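Notes follow the structure.
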Amino acid sequence: MASAARQVDRIAPRLFTAADAAALERRFAGVDAATMLTELLTGELAGRTATVSSFGTESAVLLHLVATIDPRLPVIVADTGKLFAETLVYRDALAARLGLADLRIHAPDPARLTERDGADMRWSYDPDGCCDLRKVEPLDRALAPFDAWLSGRKGFQAGTRAALPRFEADRGRLKLNPLADWDKAALDRYFARHALPRHPLEALGFASIGCAPCTSTVTPGEDPRAGRWRGSGKVECGIHRAGDGSVP
Ligand code: SF4
């Protein structure tokens, strides 16, 4: 069973505080995501920001928003080695379609992978440790040069995300959740308006897509993320932490 909360190493410099995040929340209250991102990514956060994407079911929306503003914005992807083949194909096709010019694919450190998951089965008995090795550590390294990052999380995805703000202080870094208040209908309208391609597994019942061993389909009425780590008690991979460094 996954632990209820675990502490993760603090590695980022102290740049943004919770007070900064709260001030940005007030400043952009009622401002739509595209306007907010345009102002920040061409202004005070220009050259300091990356997007992190799973290239999952709804990733195309944030990536399209970003590509419209600046297709050279770095897009960081964790290739855990356990992703669905369909995700890899979708990733490359979507990046080409959107003209993403700086896709940065980060894999786990090979030596640590051999040391900590030589049998390639850590996901089955220690999913927290597997996520730390294959996702959290690579993303932490990838984000090291940046002062801010964008996440595609939405409040409706799970009960644990219901109160998601648009701005958070993440161990000194500013984390933006531009789609925090978007619902499924708004996402669907955006997909249709811009003729964005869907992840091929969505039509098969996968509402939220991570690694193949830890992702299952959901039934109508379930939270979209209910199929992730089903039955384990684990709800997040570890890249999204509370202000005290704990993981839900
Ligand atoms: S989602 Fe599963 S396979 Fe992927 S890194 Fe986490 S535990 Fe490992």
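Give segment 170-185 a look and list any residue that's touching a helix residue (DSSP H, G or I) at 6+ places or on another chain (Cβ under 9 Å) and surrounded by fewer than 20 Cβ atoms within 10 Å (Cβ to Cβ), or say none. D181, D183, K184 - these are the residues of segment 170-185 that are touching a helix residue (DSSP H, G or I) at 6+ places or on another chain (Cβ under 9 Å) and surrounded by fewer than 20 Cβ atoms within 10 Å (Cβ to Cβ).
A quick yes/no check of all residues on (1) modelled with pLDDT under 95; (2) in contact with a helix residue (DSSP H, G or I) (Cβ under 6 Å, 6 or more places away or on another chain); (3) open to solvent by less than 70 Å² (accessible area, probe 1.4 Å):
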| site | (1), (2), (3) |
| --- | --- |
| R14 | yes, no, no |
| D79 | no, no, yes |
| L83 | no, no, yes |
| D92 | no, no, no |
| A95 | no, no, yes |
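In the set (1) over 26 Å from P200 (Cα atoms); (2) within 14 Å of the ligand (Cβ to nearest atom), the condition left unmet by P127 is number (1). Among residues of segment 207-220 that are farther than 12 Å from E236 by Cα, those with a beta-carbon under 6 Å from a residue that is β-branched (V, I, T) and within 7 Å of the ligand (Cβ to nearest atom) at least six positions away or on a different chain give the pairs C211/T80. Counting only residues that are touching a Pro at 6+ places or on another chain (Cβ under 9 Å) and of a type in the set (V, I, T), which one in segment 38-60 is farthest from E86 (Cα to Cα)? Ranking the candidates gives T49 first.
Step by step: first the residues of segment 130-153, then only those that are closer than 17 Å to T49 by Cα and over 14 Å from the mean Cα position of the chain (by Cα), then the one that is farthest from the ligand (Cβ to nearest atom). Which residue is that? Filtering first and then ranking leaves D147. For Y190, the conditions (1) at negative phi; (2) out of contact with any His (no Cβ under 8 Å at 6 or more places or on another chain); (3) not basic (K, R) are fulfilled apart from (2).
Within segment 212-227, being assigned to a loop (DSSP other than H, G, I, E, B) and either within 15 Å of the ligand (Cβ to nearest atom) or closer than 16 Å to K154 by Cβ (or both) holds for S216, V218, E222, D223. Taken over segment 108-136, residues that are open to solvent by 50 Å² or more (accessible area, probe 1.4 Å) and of a type outside the set (S, T, N, Q) amount to 13. Residues in segment 68-82 that are away from the ligand (no atom under 16 Å from the Cβ) and either in contact with a His (Cβ under 8 Å, 6 or more places away or on another chain) or in a loop (DSSP other than H, G, I, E, B) (or both): 5 in all.
The values are calculated or read from the model by the stated rules, or taken from the named source; none is laboratory data. What you are looking at is a predicted structure, and each value in this text was computed from that prediction instead of being measured. Every residue, glycine as well, gets a Cβ built from its backbone with ideal geometry; the counts of neighbours run over all protein chains shown. Just so you know, the surface numbers come from the protein's heavy atoms only, side chains and all, with ligands and any DNA or RNA stripped out. Shrake-Rupley method; radii C 1.70, N 1.55, O 1.52, S 1.80 Å.
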